Each structure stands twice: as structure tokens, then as C-alpha cells.
Amino acid sequence: MKISVYIIAFNEVEKIRDCINSVLWADEIIVADSHSTDGTSEIASELGAKVIHIPFNGYGDLRNKAISHCQGDWIFSLDSDERCTKEVRDEIIMLIDKAPLDIYQVPRKNFFMGRWIKHSGWYPNFRQPQLFKNGKMSYTMDSVHEGYISHSNKEIGTITNIIWQFPFKNTEEVMHKANHYSTLGVIKLQEKGETSSIFKAFLHGFWSFIKHYIFKLGFLDGGPGFVIAFANFEGTFYRYIKLMEAQKNWKTPNTKPIQKSQQ
């Protein structure tokens, strides 16, 4: 059984080397690069990965196009801010030879602000299943927070060991991702027929903060837990503000030419 790893990337020059180095054991490494300009694709090629340039039309579309280039019997999905561990490598290699299931979730352990996060909904946390037989899974076409579609009649499994994730290198990246994801999230809200207002934006943002800081025990993660909860407030709040902005389509008042006054 051969395994392909696909990695989606855009201007990840500081992360792509460690990401690829963690999966050099795979039979094939595909980097789906959305035309990076910082040297990401050059580093990927240098390390032996096959770089496929795919214009960004949402994460669902990007992931589906990435897996279409994978030739292995199994596919392992790894984002540029994630790192495979030796334990996960060994479990995958042992698993794929006699796997009773077709699709597996992979738990993640997150490192943020100098410490491993143990709460805040971040440990262990999951995204779409990351290990699956080629042809047994695809992604929904959502622009962000894309779902997955199982093409298997079997249940979804979960591997035992944990990969690492480094979601933000600094505060600037936290703010950048909140802005980027909130913009993409407007499309999903529009597709659902949602409407928005200042009050609604605040309520959704406030609930997101409470959910992560209180109910997901973010307060036990100290300062980083507060930052995670506040970042969720910001991302949610601005997603609904941007939706309201799109719906209102505010126009600036017309400015008429002002001539020199006649004395």
C-alpha cells in the first residue's frame, strides 16, 4: 500500500520546511500551492515534493483539486501549520496494511504563545478526517470551514496518536487569520440566508467567547486561553459585521463640485 500526503499552502515559507520534513516517509508528497510569492514552492520542490499550483477559490475547492493529484492507495492530509509525529507515522504505516475502515480522524495537539494548550476546545481537536483511502472521501465546496463527504459505507475511525499544530506564529497572524476567515465566512452566511445587525454580531461574538473561555475551559489555559477566546469573538463579530456591510451596501454621499464663490 502506498500513501500520498497532500499539503495546502500559500506563502508559508516559515512553516513549509518543517511540515514536509515530518512526512518524508510518505511515498508521495503533493503541495497544493496557491501561487505563493515568498519561496514556499521553491522550498517544497527542493525537499522533493511535487508542487501543484492551484488558484484559490475556497478551501473546499482547493482540497478537492489537491486530492485529485494524489496517486497513493491512501491519502494523508496535512496543513502547513501541522506536523506529523513519529508515533502517527508508525500507526499509519501499521494501519493501512489491514485497515478495517476507510476513513480516520486524526487528533491534534496545539502549541500557542509558548505552551501546549490543554483546553479551549483545542485539545485534542479535530478537523476533517485526515487519513482516508483514495476515492473514499471528498470535501464540500464551502469557501472556509469546509465539510467532508464520505464515499464509504463504513463508520469513521479515529487514530490513537496525535499530530502537532502551530496555528499562529504571532499575534499579527492571529489578527490576519481572523480577518481572512471572517471575510470567507460571509459567503457561508449568505448561502444560509442569514441576516445581520450590530446587535446580532455582538451576540454571536459574545457567545463564541463564552463558549471557548467558559464551557471549553479556556480560563484554565491562562493568558493564551483568553487570547483564543477573544480571537474567536473577533472573528465571529467581524464575520457578521461584514455580512451586514454587504447587505446594506452603504454608499458615500455624492460630492457636488464647489465653485469659487461669487462676490
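The values are calculated or read from the model by the stated rules, or taken from the named source; none is laboratory data. Everything quoted here is computed from the prediction, not taken from an experiment. Every residue, glycine among them, receives a Cβ derived from its backbone with ideal geometry; neighbour counts consider all protein chains shown. Note: areas computed on protein heavy atoms with side chains; ligands, DNA, RNA excluded. Shrake-Rupley method; radii C 1.70, N 1.55, O 1.52, S 1.80 Å.
A compact table of results
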quantity: Cα shape, the range 1-142, gyration tensor, a/c 1.5 rule; calculated: rounded
quantity: Positive dipole terminus of the range 128-263, leading residue within Asn170, Gln128, Ile258 (C-beta point charges); calculated: Ile258
quantity: Antiparallel DSSP beta bridges within the chain, percent to nearest 5; calculated: 40
quantity: Cβ-based charge dipole, the chain, positive-most Cα from Ala26, Ile43, Ser197; calculated: Ser197
quantity: Rounded to 5, percent antiparallel among DSSP beta bridges of the range 88-217; calculated: 60
quantity: The range 1-89 - accessible surface per residue (Å², probe 1.4 Å); calculated: 41
quantity: About the Cα centre, charge dipole magnitude for the chain (Lys/Arg +1, Asp/Glu -1 at Cβ), debye; calculated: 1020
quantity: q = 0.13 Å⁻¹: log10 I(q)/I(0) that the Debye formula gives for the range 98-225, counting C-alpha atoms only; calculated: -0.74
quantity: Inter-site label distance for Ile149 and Asn249 at 7 Å from Cα along Cβ, in nm; calculated: 3.1
quantity: Relative contact order [Cα under 8 Å, 6+ residues apart], the range 1-105, whole percent; calculated: 37
quantity: Calculated on alpha-carbon atoms, Rg and Dmax of the range 183-263 in Å; calculated: 19.6, 72
quantity: Mean ellipticity per residue at 222 nm, deg cm²/dmol - from DSSP H runs of n ≥ 4 across the chain, formula -39500 (n - 2.57); calculated: -11500 deg cm²/dmol
quantity: Mean Cα-pair separation over length for the chain, i.e. relative contact order, pairs under 8 Å, 6 or more apart, %; calculated: 17
quantity: In Hz, Karplus ³J(HN,Hα) per residue of the range 227-244 (6.51, -1.76, 1.60; θ = phi - 60°; x = Gly, Pro); calculated: 4, 4, 5, 5, 5, 5, 4, 4, x, 6, 4, 6, 4, 6, 5, 5, 5, 4
quantity: Two-decimal Rg/Rh across the chain, once Rg and the Kirkwood Rh are taken from alpha-carbon atoms; calculated: 1.06
quantity: Filter on Lys192/Lys242; Lys15/Lys50; Lys15/Lys242; Lys65/Lys248; Lys2/Lys65; Lys15/Lys154 - keep pairs with C-alpha separation over 24 Å; calculated: Lys15/Lys242; Lys65/Lys248; Lys15/Lys154
